[in-house]
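Below: one structure, written as structure tokens.
Bear in mind that the values in this text are calculations on the coordinates, not laboratory data. The structure displayed is predicted, hence computed values, not measured ones. Quick reminder, even Gly has a Cβ in these numbers, built from the backbone with ideal geometry, and neighbours come from all protein chains shown.
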Amino acid sequence: MAQASTDTLFDDLISVVKDAEELLKATAGLAGEKVSAARERAEASVRSARERISTAQEDVVAQTREAAERADAYVRKNPWQAIGVAALAGLVIGLLAGRR
């Protein structure tokens, strides 16, 4: 659930950055001191946002990989407990789905 929210957030942020880049391209022909200053600030913000998004995505991937490795190690060390937990989770999901 949290991963889906994170993915949606990243997709939304990437979309905003792309829209901002398109806006900057569309206003490239406009002249004026205030417009130029605003464009420079916007370009800097877009670059910064791209860098932060990239860093955050790398962090999420690393954390996900680490969690998967820990889960794999736990299952290998405690296979019967993992089977029990999976069976219990399946039972609970089955009961909840059956009520609908």
Compute the Kirkwood hydrodynamic radius of the chain, taking the inverse of the mean of 1/r over all pairs of distinct Cα atoms, and give it in Å to one decimal. 17.8
Using a Förster distance of 25 Å, how high is the FRET efficiency between Lys34 and Ile14, based on the Cβ-Cβ distance and rounded to 0.05? 0.30
For the chain, the charge dipole (Cβ of Lys, Arg +1; Cβ of Asp, Glu -1; about the Cα centre) points to a positive end, and the Cα of Ala73, Ile93, Leu30 closest to that extreme belongs to Ile93
Filter the DSSP H helices in the chain by two things, a Kyte-Doolittle mean of at least 0.5 and an axial alpha-carbon span of 24 angstrom or more, and list the hits by number. 79-99
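Per-residue ellipticity at 222 nm for the chain, helices alone: DSSP H runs ≥ 4 residues times -39500 (n - 2.57), over residue total, nearest 500 deg cm²/dmol?
Working: 3 runs with 91 residues, N = 100.
Theoretical 222 nm ellipticity from helices: -33000 deg cm²/dmol.
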